[in-house]
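Q: Before I ask anything, here is the structure I am working with.
Since every read-out is calculated from the coordinates, none of them should be taken as a lab result. From a predicted model like this one, the values you see are computed outputs, not experimental measurements. Note that we place each Cβ from the backbone using ideal geometry, even for glycine, and neighbour counts take in every protein chain shown.
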């Protein structure tokens, strides 16, 4: 066999071996996805068409409450100022105020006026409605309109002697005022006898042995049906002097020349209570609790109230 033929045979055999080897090579499988990635894709898949998407449940709004508050006229400015603060704390409660003399408010409650909270400028008016009090304590008619357990001593006030800005009689204080009253040299304004500020003033008159009836007959005393009417007569210079609460003097910008001492009149405590005919007793109790809070007390103290 020639050399040339031998080379051709060997070359053919090598070609055949290479062809067979290449035919046995398998293609590598595609890389598998990590389990975590697959899970994410599954959770992000959109909900099948037509199926409702559940919304998170909303808490039901509280029922609106209208709370009727009967309060002494001397609390007008402070309670109105606190109204917005309470709305932020309890947004479903709307406060409706009735400001007047404590005696007038007591009578309205006794006669059946709708009222949830009563705040008086004196213990007497609440005692007259409190079933736990007897005749010796002031409840001569045996009324029972105070929700037992709700009554608190909310605030304490002071009474002061005020004059118009010009102080036309040049009054120096209570002693000077009493001397001029005895001589019938001045015109003086006070609250009616059924108004707490009038009752405190009567105690001061008695302290100085001044006869209210005689002075009134002599035209030296004028009256106001509540403390706001007294402050108005002073600020308008209709009288030479008048006795009001220090809180009202502050709010009205009156000139104060003296403050009554504890031997001139009793402590002036403002009680608050829930009226037991109220259909909103829980809301009423919550409001009284708010009035005892630091937030409320800061507002009360701005005008001269103090904690009892």
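Q: What is the distance in Å between the Cα centres of segment 91-156 and segment 230-308?
A: 16
Q: Here's something else I'd like to know. With only alpha-carbon atoms in the gyration tensor, what are the semi-axes of the equivalent ellipsoid for segment 250-291, in Å, largest first?
A: They are 34, 15, 8 Å, listed largest first.
Q: Give the span of segment 159-198's Cα atoms along each principal axis, as three whole-Å numbers ordered largest to smallest.
A: Between the extreme Cα coordinates on each principal axis of segment 159-198 lie 30, 23, 15 Å.
Q: Over segment 159-259, calculate the relative contact order: mean separation of alpha carbon pairs under 8 Å at least 6 apart, over the residue count, as a percent.
A: Rounded, it is 48 percent for segment 159-259.
Q: Going by average Cβ neighbours within 10 Å, how do the peptides 208-214, 263-269 rank, with the highest at the top?
A: 263-269, 208-214
Q: Based on alpha-carbon positions alone, could you give the equivalent ellipsoid semi-axes of segment 159-259 from the gyration tensor, as √(5λ), descending, whole Å?
A: Value: 18, 15, 12 Å, ordered largest first.
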